[in-house]
Amino acid sequence: MTIERVLSGMRPTGALHLGHYHGALKNWVRLQEDKTCFFFVADWHALTTHYQSPEVIQANIWDMVIDWLAAGIDPAKSVLFIQSLVPEHAELHLLLSMSTPLGWLERVPTYKDQQEKLADRDLTTYGFLGYPLLQAADILIYRAAWVPVGEDQVPHIELTRELARRFNNLFGSDPDFEAKALAAIRRLGNKRGTIYTDLRTRFQQQGDAQALEQARTLIEGTQSLSSEERERLLGYIAGTRRQILTEPQALLTEASRLPGLDGQKMSKSYGNAIAMREDPASVTKKIRTMPTDPARVRRTDPGEPDRCPVWQLHQVYSSATQRDWVQAGCRSAGIGCLECKQPVIDAVIAEQQVFFERAQPYLDDPARLKAIVADGCDRARAVAQETMREVREVMGLSYS
Ligand code: TRP
Ligand code: SF4
């Protein structure tokens with residue numbers, strides 16, 4: 001069985017809010033159950049837009065990891081680390097930059113979008129243009145199969161796939177390929193080696209797809225092979241080039257999209273967010289004062305939930321019975337808006353109670369938090385170094 005690696009990152013530019021929890025973290029928590037997950041603090045990415053205010057990043061790094069743990073990310077299952085502590089990302093970024101056409105980066109939709117949106121910052125920098133390439137390096141260095149991201153990030157994953165393909169084409173031809181494949185066949189042992197060779201002949205001479213499948217099963221069922229040997233054996237059958245870098249796929253969350261207090265997307269910069277760990281009094285106040293159906297001016301006016309951001313919160317937080325109560329009560333003016341908001345307030349506070357409880361041990365003992373991250377960095381570095389060894393080798397950079 002091949003392990004499917006998942007990788008994702010977040011920029012440490014502020015306290016995480018409920019939009020992050022429902023839109024991303026909840027999904028991360030689910031993924032760690034059956035995949036090897038690598039989650040990292042993208043501090044270098046944050047610098048591409050915040051190079052004039054690095055203190056923002058510094059202030060948020062550890063709190064962000066605490067928010068992840070508060071959400072239920074389990075350090076025994078997932079690898080948690082900080083990008084800048086695995087400098088191999090920068091080396092791969094540099095090496096990829098040699099063969100990346102400028103046009104590929106200029107065409108990334110977020111490039112122009114963000115420059116327009118963040119017009120108060122000077123983003124005509126080399127680092128900002130290169131940020132999707134850095135993201136590609138983040139992903140490729142772990143040979144991640146899956147990258148959970150939001151819709152807006154999908155073009156970056158597409159770019160990553162193109163870069164992996166280009167890299168494999170440029171550097172995947174290996175003069176010793178045949179010899180190495182034969183050595184890997186010997187490692188299969190006599191019996192399996194013969195079966196493998198027969199399957200290869202069947203696939204290559206008769207195009208028998210079943211033979212390819214059988215060979216795959218055989219290879220994956222041979223525990224003693226390294227991942228490099230496995231890939232080589234598969235590549236030798238399929239007649240493809242050596243896959244040094246793996247093409248990842250975006251993993252879109254069927255996001256329970258949590259709106260902000262005004263019904264827009266929740267975002268700290270819109271001032272419509274509730275932090276994951278926010279004081280209950282402040283949560284109560286924010287929800288009590290949030291706008292409702294603008295047509296419902298007086299308590300006696302009937303309302304329409306579809307025009308009301310509170311209803312969107314009910315869709316995330318309330319049971320079917322409660323939602324029926326809202327629908328009927330709103331349309332008949334049977335309930336008031338404050339009454340309607342109360343179950344949401346209670347549900348948010350109850351959810352956050354768990355976050356506070358999970359976060360507390362790390363707030364009490366920051367050394368525990370640092371140990372988790374140090375361990376995560378070590379584990380990430382081990383994988384990254386293995387990839388870089390191979391990348392350097394195929395690029396002709398292994399001199400020692
Ligand atoms: N670019 C992502 C964002 O702005 C963060 C990020 C950086 C990332 N590197 C990544 C996400 C690698 C997924 C995989 O949200
Ligand atoms: Fe919105 Fe509820 Fe008021 Fe209806 S009753 S307008 S759904 S807050």
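The values are calculated or read from the model by the stated rules, or taken from the named source; none is laboratory data. On a predicted model such as this, the values are computed, not experimentally measured, just so you know. For neighbour counting, all protein chains shown are included, and Cβ atoms are generated from backbone atoms with ideal geometry for every residue, glycine included. These area figures cover heavy atoms from the full protein model, side chains too; ligands, DNA and RNA do not enter into them. Shrake-Rupley method; radii C 1.70, N 1.55, O 1.52, S 1.80 Å.
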_Relative contact order (%) - criterion: Cα under 8 Å, at least six apart; region: segment 249-347_ = 25 percent
*Q327 versus A90, label points 7 Å from Cα toward the beta carbon: distance in nm?*
5.6 nm
*What does the accessible area per residue of the chain come to in Å², with a 1.4 Å probe and no ligands, DNA or RNA counted?*
49 Å²
*Alpha carbon centroid spacing (whole Å) that separates segment 288-351 from segment 34-52*: 37 Å
*Going down the list K26/K285; K112/K370; K268/K370; K77/K286; K112/K286; K26/K370, which pairs span over 28 Å between their C-alpha atoms?*
K112/K370; K77/K286; K112/K286
*Say each of Q58 and F356 gets a label point 7 Å from the Cα, pointing the same way as Cα to Cβ; how far apart are those two points in nm?*
3.0 nm
_Over the chain: helical MRE at 222 nm, DSSP H runs n ≥ 4 each giving -39500 (n - 2.57), nearest 500_ = -18000 deg cm²/dmol
*Amide H to amide H, which residues 5 or more places from K265 or on other chains are under 5 Å from it, using H placed in the peptide plane?*
G260
*Quick one: which residues, 5 or more positions from G9 or on another chain, have an amide H under 5 Å from its amide H? H modelled 1.01 Å from N in the peptide plane, none for Pro or chain starts.*
F40
*Coil-residue trypsin sites (Lys or Arg not before Pro) of segment 100-135, DSSP, other Cβ within 10 Å capped at 15*: R107
*With springs connecting C-alpha atoms under 10 Å apart, model the chain as a Gaussian network and identify which of E390, E55, E162 has the largest mean-square fluctuation.*
E55
_Listed residue (V297, P343, Q322) projecting farthest to the positive dipole end of segment 277-363, Cβ model_ = V297
_If I compute solvent accessible area with a 1.4 Å probe over the protein chains, what percent of it on segment 177-238 is carbon and sulfur?_
49 percent
*Could you pull out every residue, at least 5 positions away or on a different chain, whose amide H is within less than 5 Å of the one on T36? Hs are placed 1.01 Å off N in the peptide plane, and Pro or chain starts have none.*
E4, V6
*Determine ³J(HN,Hα), in whole Hz, for all residues of segment 290-307 in sequence, where each value follows from phi through the Karplus function 6.51 cos²θ - 1.76 cosθ + 1.60 and θ = phi - 60°; x replaces Gly and Pro.*
6, x, 10, 4, x, 7, 8, 7, 9, 4, 7, 6, x, x, 10, x, 4, 9
*Of all the accessible heavy-atom surface of segment 277-363, with the other protein chains kept in place and a 1.4 Å probe, what percent is carbon and sulfur?*
55 percent
*Positive-end extreme of charge dipole, the chain - chosen from I157, W68, A46 (charges on Cβ)*: I157
*How would H20, H89 line up by accessible area, probe 1.4 Å, largest first?*
H20, H89
*Starting at the first residue of segment 220-225, write each ³J(HN,Hα) from the Karplus equation 6.51 cos²θ - 1.76 cosθ + 1.60 with θ = phi - 60°, in whole Hz, x for Gly and Pro.*
5, x, 9, 4, 6, 7
*So which trypsin sites (Lys or Arg not before Pro) in segment 256-326 are both in a DSSP loop and have at most 12 other Cβ atoms within 10 Å of their Cβ?*
R298, R299
*Compare I141, I349, I195 by solvent-accessible area with a 1.4 Å probe and give them largest first, with all protein chains kept in place.*
I195, I349, I141
_Phi-based couplings in Hz for segment 128-142 (Karplus 6.51, -1.76, 1.60; Gly and Pro marked x)_ = 5, 4, x, 4, x, 6, 4, 4, 4, 4, 3, 7, 5, 5, 9
_Using a 7 Å offset from the Cα along the Cα-to-Cβ direction at both R379 and R186, what is the distance between the two label points in nm, to one decimal?_
3.6 nm
_segment 356-400-segment 126-164 distance, computed between alpha-carbon centres (Å)_ = 19 Å
